[in-house]
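Here the structure comes first, spelled out in structure tokens, and everything after it is commentary.
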Amino acid sequence: MQIAFIVWEFPILSETFILNQIVGLIKRGHEVDIYASQQGDISKVHPDVTKYQLLERTYYLNQIPKNLLWRFVKGIGLLCVNFYKDPLLYLRSLNFFKYGKEAISLWLLYTAIPLLQKSYDIIHCQFGTQSFSGMAFRHMNAPKAKLITTFRGHDISSYVQQRGDRIYSQLFRSGDFFLANCEYFRQRAIALGCDPNKIVVHGSGIDCSCFRFAPRYPHPDGKVRIATTGRLVEKKGIEYSIRAVAKLAKTNPNIEYNIIGDGPLKQELQELIQELDVSHIVNLLGQKNQQELIEILDNSHIFTAPCVTAKDGNQDAPVNVLKEAMAMGLPVVSTLHGGVPELVEDGVSGFLVPERDVDALAEKLGYLIEHSEIWPQMGKSGRAYVEKHYDIEKLNDELVEIYYGVANYERRTSYDCCCPARAF
């Protein structure tokens, strides 16, 4: 199959779930091209980006200015530079009678790609926020392609809160099929107007073979190492885990807390660490690549992901960093948040506490510190759950069947076998 991925940024280290799908499809013999709105940091990329020469498969869409006057001025420039390459394409992008506001707003003009010689079977928008570019891309460049959109988190939470409940109305009418990375977000999409027969849960997978399982036992030096991975943004709730660790440190001085990731709250969190006088045990390690992350988790005993609903409504699905930690055998402590309870079985692979509850978070972390005898069984349970529900190979096989189910009704039987909701 010929598949176009519509993404915001590429490459990007924090979105391995998209990279895993791209690589999985290529390994299964499909042709994948990536259309991104902006280029990511190419100085530090995942090894698969180089191994599969993904930058050579990546094309960058023209950014659409929010300012209408500047959008119009820049649009004239695009026409002047590119019109001769494919006059019919650009005339079609300005067909106000056929495409209405999509043409008037110049969305079609900005996504028209002259001399594109490919006929795609599937256009897959990663995040609902990219569906607007995806709809325009299909109109201009691949009108016969099926349009699939995956909802993953902020696109179905904070973005909806900002733009209103009708933001995806046109998408739900014109899109062919939809995926959500957890049942929590599937139900959210249905509440917004998505046909329940056109959306299924398709989780974000990880390559379990990359995350070696090891039962956790106390270290001979007596130190208990706690870890968190995530962008330093509000919804990751890292403020609360720092406060919980600071509270624990009063009675458990032999702990160490390592935070892997970067983001806009770095300075604020560093100041909090100093204010709580825990800079000797809490470390902001910055962004790490996958191998560096694995090395840190290999030397950790407990993993915490204290996710919260941000003030703007932003929420998380079952986050991949939790899956990676569980796959490696770490008992986890997370929150009753978004899709997280679909991943962490409370009392089995770890513990779940209310959002922003520092006392409850400290209590469960303290319990794990004091009861190291339960670490191995919790780790084993977590690994088994991730292998069963989030193995990337199984999920990529399922994704291919979904594509065939959307594009080719003759594959209906195999599609029905793997998907929890039927659309065909």
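The values are calculated or read from the model by the stated rules, or taken from the named source; none is laboratory data. Every value quoted in this text rests on a predicted model; they were computed, and no experiment measured them. Reconstructed Cβ throughout: ideal geometry from the backbone, glycine too, with neighbour counts over all protein chains shown.
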Please verify whether segment 145-156 includes one or more residues that are surrounded by fewer than 19 Cβ atoms within 10 Å (Cβ to Cβ) and part of a helix (DSSP H, G or I). no
Which fully enclosed strands (runs of 3 or more DSSP E) of segment 182-267 have 1 or more residues being of a type in the set (A, V, I, L, M, F, W, C), at pLDDT 95 or above and touching a Cys at 6+ places or on another chain (Cβ under 7 Å)? 199-201
Report yes if some residue within segment 158-165 is of a type outside the set (Ser, Thr, Tyr), crowded, with 20+ Cβ neighbours inside 10 Å and either assigned to a loop (DSSP other than H, G, I, E, B) or free of Cβ contacts under 8 Å to residues at least 60 places away in the same chain (or both); otherwise report no. no
Residue count, segment 15-44, condition in a loop (DSSP other than H, G, I, E, B), at pLDDT 95 or above and not small (Gly, Ala, Ser), comes to 2
Only one of (1) in contact with a strand residue (DSSP E or B) (Cβ under 6 Å, 6 or more places away or on another chain); (2) under 16 Å from Gly338 (Cα atoms); (3) at pLDDT below 95 fails for Lys288. Which number is that? (2)
Residues (out of contact with any Leu (no Cβ under 8 Å at 6 or more places or on another chain) and of a type in the set (Gly, Ala, Ser)) located in segment 170-198: Ala180, Ala189, Ala191, Gly193
Taking the residues in segment 26-44 that are β-branched (Val, Ile, Thr) and either over 19 Å from Ile6 (Cβ atoms) or under 18 Å from the mean Cα position of the chain (by Cα) (or both) as candidates, determine which candidate is surrounded by the fewest Cβ atoms within 10 Å (Cβ to Cβ). Ile42
Anything in segment 297-321 that is under 15 Å from Ser241 (Cα atoms) and hydrophobic (A, V, I, L, M, F, W, C)? List them, or say none. Ile302, Phe303, Ala305, Cys307, Val308
Surrounded by 17 or more Cβ atoms within 10 Å (Cβ to Cβ), outside the structural domain of Leu297 (by TED's automatic domain parsing) and aromatic (Phe, Trp, Tyr), is that true of Phe213? no
